[in-house]
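Enquirer: Dropping the structure in here first, questions after.
The values are calculated or read from the model by the stated rules, or taken from the named source; none is laboratory data. Note that the structure is predicted; figures quoted are calculated from it, not measured. Cβ placement follows ideal geometry from the backbone for every residue including glycine, while neighbour counts extend to all protein chains displayed. Quick note on the areas: whole protein, heavy atoms, side chains included, nothing else; ligands and nucleic acids left out. Shrake-Rupley method; radii C 1.70, N 1.55, O 1.52, S 1.80 Å.
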Amino acid sequence: MKKLVSFISLFFVFLLSVNFDTFAGIIEQKNIENNINTIETLDSYDSYAAQTKATTIDYVYTPNGTRVQVFCRDEMSYSTIQACNQRGDALVPEATRISSSTTKYNCHSYAWYRASTSNPYWMNDPSSYYTDGSYEESVGNVGDIICYYDNSGFNLHSGIVIAKTSGKSNGICGNSDLVTVRSKWGAWGLYEHRGDQCPYTSTYGGEANYVKYYRKHNHNFVNHYCSCGKYTTSHDYHAPYNWIDYSNHTDTCGCGDLKVQGHAVLSESFMPGQKYATCLLCGGSAEIGFIQLDSSGKVSVNGSYLLPNGVAVLLEKDLNSFINGSLIFFDFEKKDSYVS
Ligand SMILES: [Zn+2]
Ligand SMILES: [Zn+2]
Ligand SMILES: [Zn+2]
């Protein structure tokens with residue numbers, strides 16, 4: 001088994017080194033040293049190497065804007081595609097091939113750039129995606145990207161986690177047996193497989209022995225700084241709220257900034273004959289007066305409204321949108337135009 005895998009990877013080394021010496025695939029370059037003695041086995045694929053000479057360089061970008069080199073490659077012949085399909089299927093019979101072998105795209109490009117069978121790019125080095133802050137380590141959730149590493153910390157293979165199970169791992173390649181992965185096997189087909197059942201683990205002659213999972217990093221700003229170091233100038237006002245007077249309290253931003261805002265009371269706390277109600281946010285008294293809504297008021301589509309002193313009288317169903325800042329108050333006389 002091991003020999004077969006070596007042979008196939010060497011075959012692609014050859015292909016890449018023929019086409020662009022300085023850009024030879026890193027994975028393949030590494031294997032050259034290990035497998036240099038078996039190079040005579042390439043003979044039967046000379047025609048394939050020749051027909052895939054047309055290769056052009058292009059670039060894609062990580063979410064954080066780092067440029068990543070990719071290659072546009074000619075397709076293999078029909079008979080070579082069939083041979084590659086058969087080899088992948090035979091090496092890992094437990095896996096399910098869901099798309100045919102192709103030199104158009106490989107594992108890293110499928111996982112990091114575009115998870116599509118019409119992906120036109122071959123990517124040798126996806127590491128910028130997880131070193132420039134675009135992605136962060138995760139624990140193997142559905143949707144994560146799984147990377148297979150060898151002992152020297154080299155990322156041999158990337159895939160997408162499409163399902164997970166709990167239980168005790170067999171430990172063959174980290175806990176990869178506890179996830180189901182969709183991944184492209186070099187120029188071989190696109191497969192769905194149990195995480196450890198692919199050509200890259202020791203079971204099938206591969207050299208990967210641990211995995212890491214990654215998810216896209218979403219900023220979470222505290223004091224305007226994310227843990228990744230990014231800074232934002234937009235404010236996010238929230239608790240603590242501090243009562244100022246019967247009309248207003250202050251909202252606090254993580255940066256320490258304060259904003260004066262009218263109190264917010266629920267419409268059902270509006271007791272006839274009472275002048276005050278309790279603010280939902282600061283807990284202090286809000287003056288609601290004896291004011292009737294007139295044509296000069298501001299109302300929401302649902303019927304919440306702003307009193308002239310700035311206090312918001314809210315219907316229960318507007319509460320969440322008010323707190324997260326998305327509730328819109330319209331001029332009362334314009335309300336009709338917003339209600340269908
Ligand atoms: Zn961040
Ligand atoms: Zn702020
Ligand atoms: Zn208040």
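Enquirer: In segment 277-290, what residues are open to solvent by less than 90 Å² (accessible area, probe 1.4 Å), of a type outside the set (Asp, Glu) and within 13 Å of residue 309 (Cα to Cα)? Steps first, answer last, please.
Expert: Here is the first cut: in segment 277-290, the ones open to solvent by less than 90 Å² (accessible area, probe 1.4 Å) are 277-289.
Subset that is of a type outside the set (Asp, Glu): 277-286, 288-289.
Matches in segment 277-290: 286, 288, 289.
Enquirer: Can you pull out the strands (runs of 3 or more DSSP E) entirely within segment 210-275 that have at least 2 residues that are closer than 26 Å to residue 63 by Cα and either open to solvent by 80 Å² or more (accessible area, probe 1.4 Å) or not small (Gly, Ala, Ser) (or both)?
Expert: Values: elements: 210-216, 237-243, 248-253, 258-262, 264-266.
Those strands (runs of 3 or more DSSP E) span 210-216.
Enquirer: Among (1) of a type in the set (D, E, K, R); (2) over 30 Å from residue 130 (Cα atoms); (3) assigned by TED's automatic domain parsing to the domain that holds residue 93, where does residue 192 come up short?
Expert: Unmet condition: (2).
Enquirer: Additional query: Say whether the condition of being of a type outside the set (S, T, N, Q), touching a residue at least 24 places away in the same chain (Cβ under 8 Å) and closer than 16 Å to residue 158 by Cα is met by at least one residue in segment 217-237.
Expert: Looking for residues that are of a type outside the set (S, T, N, Q), touching a residue at least 24 places away in the same chain (Cβ under 8 Å) and closer than 16 Å to residue 158 by Cα, one finds none in segment 217-237, hence no.
Enquirer: Here's a follow-up. Kindly provide the set of residues from segment 51-110 that are farther than 23 Å from residue 199 by Cα, of a type in the set (Ser, Thr, Tyr) and at pLDDT 95 or above, ordered by number.
Expert: 59, 61, 62, 66
Enquirer: Pick from 216, 259: which is charged (D, E, K, R), away from ligand 1 (no atom under 16 Å from the Cβ) and out of contact with any His (no Cβ under 6 Å at 6 or more places or on another chain)? Quick ask: steps written out before the conclusion?
Expert: Numbers: 216 fails: away from ligand 1 (no atom under 16 Å from the Cβ).
On inspection, the qualifying residue turns out to be 259.
Enquirer: List the pairs whose first member sits in segment 238-255 and is within 23 Å of residue 289 (Cα to Cα), whose second member is more than 16 Å from ligand 2 (Cβ to nearest atom) and of a type in the set (Val, Ile, Thr), and whose Cβ atoms are under 7 Å apart, counting only residues at least 6 apart or on separate chains?
Expert: 247/311; 250/244
Enquirer: Here's a follow-up. What strands (runs of 3 or more DSSP E) lie completely within segment 79-186 and have 2 or more residues being open to solvent by less than 30 Å² (accessible area, probe 1.4 Å) and among the hydroxyl-bearing types (Ser, Thr, Tyr)?
Expert: Details: elements: 96-99, 135-138, 145-149, 155-164, 172-175, 179-184.
Per the criteria, 145-149.
Enquirer: Would a scan of segment 123-143 turn up a residue that is of a type outside the set (S, T, N, Q), under 15 Å from the mean Cα position of the chain (by Cα) and under 24 Å from residue 56 (Cα atoms)? Give the derivation first.
Expert: Start the filter on segment 123-143 by keeping residues that are of a type outside the set (S, T, N, Q), which leaves 123, 125-126, 129-130, 132-133, 135-137, 139-140, 142-143.
If we keep only those that are under 15 Å from the mean Cα position of the chain (by Cα) too, we end up with 126, 129-130, 132-133, 135-137, 139-140, 142-143.
Within this subset, residues satisfying the condition of being under 24 Å from residue 56 (Cα atoms) are 126, 129.
Scanning segment 123-143 turns up at least one residue that is of a type outside the set (S, T, N, Q), under 15 Å from the mean Cα position of the chain (by Cα) and under 24 Å from residue 56 (Cα atoms).
Enquirer: May I ask you to say which residue of 247, 227, 267 is more than 16 Å from ligand 2 (Cβ to nearest atom) and in contact with a Leu (Cβ under 7 Å, 6 or more places away or on another chain)?
Expert: On the way: 247 fails: in contact with a Leu (Cβ under 7 Å, 6 or more places away or on another chain); 227 fails: in contact with a Leu (Cβ under 7 Å, 6 or more places away or on another chain).
Result: 267 is the single residue among 247, 227, 267 that is more than 16 Å from ligand 2 (Cβ to nearest atom) and in contact with a Leu (Cβ under 7 Å, 6 or more places away or on another chain).
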